[in-house]
Amino acid sequence: MDTLLQQIINGLIQGSLYAIVALGYTMVYGILELINFAHGDVVMVGALVTYTVFSFAAAHGMSAGPALVLAVAASIVVCVPLGLFIERVAYRPLRRAQRLAPLITAIGVSILVEYAAALIWSKQYLSLPELVKPTPIQIGGASTSDLQIAILLISLLMMGGLLWLIKYTRMGKAMRATAQSHDLAGLMGVNVDQVIAFTFALGSALGAIAGVMQILYYGIGHYLMGFMLGLKAFTAAVLGGIGNVQGAMLGGLLLGLIESLASGYIGDLTGGVLGSNYRDVFAFLVLVLVLVLRPSGLMGQKSGDRA
Amino acid sequence: MRLPASQAGKLAVFTALALLLAVLPFGTEALLGRSWVRVIDGALLFSMLAIGLNVVVGYAGLLDLGFIAFFGIGAYSYSLLASPQFGLHYPFWVLLPLGAVVAGLFGVILGAPTLRLRGDYLAIVTLGFGEIIRIFLVNLNRPFNLTNGPQGITLIDPIRIGGFDLSKTYEVFGMKVAAVHSYYFLFLLCVIASIILSLRLENSRIGRAWIAIREDEVAAKAMGINTRNIKLLAFAMGASFGGVSGGLFASFQGFVSPESFKLMDSIMIVCMVVLGGMGHVPGVVLGAILLTALPEGLRYVQPLQQSLFGRVYVDPADLRMLLFGLALVLMMRFRPQGLWPSKRREHELKGEA
């Protein structure tokens, strides 16, 4: 029973991080029908900026609180312009191009960001200086920490904020309109370029915070860490129904749970034949199964041949 | 390449090309050293892979980001049946066709669930497929040792034709013919066969069906094309090219490990096809040769940096990846049809502005 609870807790926390990254994918997909491959790498940049800030803070004897604030601010300041730059330089010129072209561009951008990060931060695994010292908390035999609970709460808060933004603000309305049709939204007086840029900025800001939390959670950063994270977040977005914001949140949490439970129990279920080293396979299996059985995802509307 | 109109001219160009290809490995070795002959061998293997991927991406328009998996499947099916791993030593003329069939089967396994998917979704699923295959190759040393895990398989048999062992050095007309040379000619033959097969496919009923699907799947269906079978065929055929070159790779290297079949390699093959010109066989081969040779040239950047700046700022391997990324972005922006596109594809990619 303890292990079950523990797996659920682990799954929820990793799942909430997937969910936030998935929001970046799903918002961009909703508006541009483009898989922004580089989004996972933007998250990686956020994480590695945190590493730099923490190294600096540790060297100058800063305490955890200010260092954390500085890290969040710095990663947003780096990631938002990065996201905007990517949109402006790589994707905007191709907005009306044939479908394959933006996708290949996205792969190119992803490679560029990864190896630019390798130049800046080296290709080593970077362990975060231990400024933040989590206090362990026991819940019914399973252990967690205040840091993990904070990650979960902040994620939920950001999701709520985003839902509010999309539902009740002018910009949110403009985003929904643009997602339905660029041309018609433009005719109604929406500045489409601005809305798309805003979407990228918002996604990158969320990604930056996700990056900070990811590196705090694991304590290790790497220039390729964004790749798998991005892929799983994309899976989460598909699971929830791509383009659907609530769907991405649900998909992220579910994927985190599925992964955690599956890799936790696969050893017992198969008599030790398969182990938790197959962890990464589950995300892909989920992806394939969803696309085959229900391409519109859990919360997406049926939209014919979208997939 | 535009050939002279007269038959005699054609023959002259053909003979010159054949002679050039025949002396290429020896000339290269004399001028640049043996390591460059290995580079040429690698370029030929990648040409075959690119020709295979071109069937899927170029003809049928299905973006496959996990193509290296078929290369891996071919390499492993050769290695398992021609190495001390299980004590089996089947000859190459059984194993290479077997590799093609096994890879083709996996192509169908990948293709079947993804038939309804298009474009970007397909790309992600194929990417996942490639990673799944690699994860299995790494982990299938338990419960029983199939792939020998991350260590990979060693002492793979070289290809033997009659009493002629390709891995040994022979004296022919006073010239030393080493393994790199013998394999060069074998690979060259395979590439030429692939080119011919691929060109014939392009002009066949099946090839035209692929192109029809690429341009408009609904219209193709309405014209009576069985899109399901034809798409599966594209996956299977493309994969089987990968399977054969995987087998050749295993025999040439004598060693395979999951390290050789990573996502970056898949992306590199996509780059070759895109850069060269999707759907155009000569362009694709050009892309494969350029992308294999240029990174080798980047090696010389390291001493250059050393002498200019006193230290190495950018590792050549990283520089290669940065240039790949940049090339993909710039190509899609300024020349989406590729360096040497086919006429039809050029119109298609430039037209939809």
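The values are calculated or read from the model by the stated rules, or taken from the named source; none is laboratory data. Predicted model only: the values in this text are computed from it and were never measured. When we count neighbours, we look across all protein chains shown, and the Cβ atoms used for this are built from the backbone with ideal geometry, even at glycine. These accessible areas exclude ligands, DNA and RNA; they are computed on the full protein's heavy atoms, side chains included. Shrake-Rupley method; radii C 1.70, N 1.55, O 1.52, S 1.80 Å.
What shape does chain B take by its C-alpha gyration tensor, where a ≥ b ≥ c are the square roots of the eigenvalues and a/c under 1.5 counts as rounded, a/b above b/c as prolate, and the rest as oblate? Mind showing how you got there, number by number?
Details: a/c = 1.30, a/b = 1.14, b/c = 1.14.
In terms of gyration-tensor shape, rounded.
Counting Lys and Arg as +1 and Asp and Glu as -1, each charge on the Cβ, what is the dipole of the range B:8-275 about the Cα centre in debye, to the nearest 20?
Result for the range B:8-275 is approximately 380 debye, rounded to the nearest 20.
Rounded to the nearest 20 debye, what is the charge dipole size of the protein assembly as shown about its Cα centre when +1 sits on each Lys and Arg Cβ and -1 on each Asp and Glu Cβ?
On the way: 44 positive and 33 negative charges, 293 e Å.
For the protein assembly as shown, the charge dipole is close to 1400 debye.
Most fluctuating residue of B:ALA178, B:ALA50, B:ALA236 in a GNM of chain B with Cα springs under 10 Å: which is it?
The residue that fluctuates most here is B:ALA178.
Quick one: which residues, 5 or more positions from A:ILE220 or on another chain, have an amide H under 5 Å from its amide H? H modelled 1.01 Å from N in the peptide plane, none for Pro or chain starts.
For A:ILE220, whose amide H was placed from the backbone, the distant partners under 5 Å are A:LEU128.
How much accessible surface does B:MET268 have with a 1.4 Å probe, in Å² rounded to 10?
10
Show B:LEU323, B:LEU96, A:LEU157 ordered by accessible area, largest first, where the area counts protein heavy atoms only and the probe is 1.4 Å. Intermediate values should be presented prior to the final figure.
Numbers: B:LEU323 80, B:LEU96 25, A:LEU157 135 Å².
Sorted descending by solvent-accessible area, the residues read A:LEU157, B:LEU323, B:LEU96.
In whole Hz, what ³J(HN,Hα) sequence does the range B:197-209 give by Karplus (6.51, -1.76, 1.60; θ = phi - 60°), x for Gly and Pro?
4, 5, 5, 5, 4, 4, 8, 8, 4, 5, x, 5, 5
If I model a spin label at A:ARG92 and B:SER307 as a point 7 Å from the Cα along the Cα→Cβ vector, what separation in nanometres do I get?
4.3
Work out from phi, with θ = phi - 60° and the Karplus expression 6.51 cos²θ - 1.76 cosθ + 1.60, the ³J(HN,Hα) of each residue of the range A:277-283, listed in order in whole Hz, and give x for Gly and Pro.
Karplus-based 3J(HN,Hα) across the range A:277-283 equals 5, 8, 2, 5, 5, 4, 4 Hz.
Based on DSSP H runs of at least 4 residues, each adding -39500 (n - 2.57), what is the mean residue ellipticity at 222 nm of chain A after dividing by all its residues, to the nearest 500 deg cm²/dmol?
Working: 11 runs with 220 residues, N = 307.
Here the helix-only value at 222 nm equals -24500 deg cm²/dmol.
Under unit Cβ charges (Lys, Arg +1; Asp, Glu -1), what dipole magnitude, rounded to 20 debye, does the range A:22-230 have relative to its Cα centre?
On the way: 11 positive and 8 negative charges, 95 e Å.
Its charge dipole is roughly 460 debye.
Among A:GLY230, A:LEU94, A:GLY11, pick out the residue whose Cα is farthest towards the positive end of the charge dipole of chain A, where Lys and Arg carry +1 and Asp and Glu carry -1 on C-beta, about the Cα centre.
It is A:LEU94, whose Cα lies furthest towards the positive end.
For chain A, with a Gaussian network of springs between Cα atoms less than 10 Å apart, report the residue from A:GLY172, A:GLY247, A:GLY24 with the top mean-square fluctuation.
A:GLY172
Can you find, among A:GLN194, A:HIS39, B:PRO150, the residue sitting farthest towards the positive end of the charge dipole of the protein assembly as shown, where Lys and Arg contribute +1 and Asp and Glu -1 at Cβ?
Sorting the options by dipole projection puts first A:GLN194.
So, for chain B, what is the accessible surface per residue at a probe of 1.4 Å, expressed in square angstrom?
Values: 15980 Å² over 353 residues.
On a per-residue basis, chain B sits at 45 Å².
Any idea which of A:PRO129, A:ALA142, A:SER181 is furthest toward the positive side of the dipole for the range A:22-230, if Lys and Arg beta-carbons carry +1 and Asp and Glu beta-carbons -1?
A:SER181
What list of ³J(HN,Hα) couplings, whole Hz, do you get for the range A:43-59 from phi and the Karplus terms 6.51, -1.76, 1.60, once you set θ to phi - 60° and write x for glycine and proline?
Residue by residue, the range A:43-59 yields 4, 4, 4, x, 5, 6, 4, 4, 4, 4, 4, 5, 4, 4, 5, 5, 5 Hz.
Setting aside same-chain residues fewer than 8 positions from A:LYS232, which lysines have a Cα under 29 Å from its Cα?
Partners within reach: A:LYS123, A:LYS133, A:LYS167, A:LYS173, A:LYS302, B:LYS231, B:LYS262.
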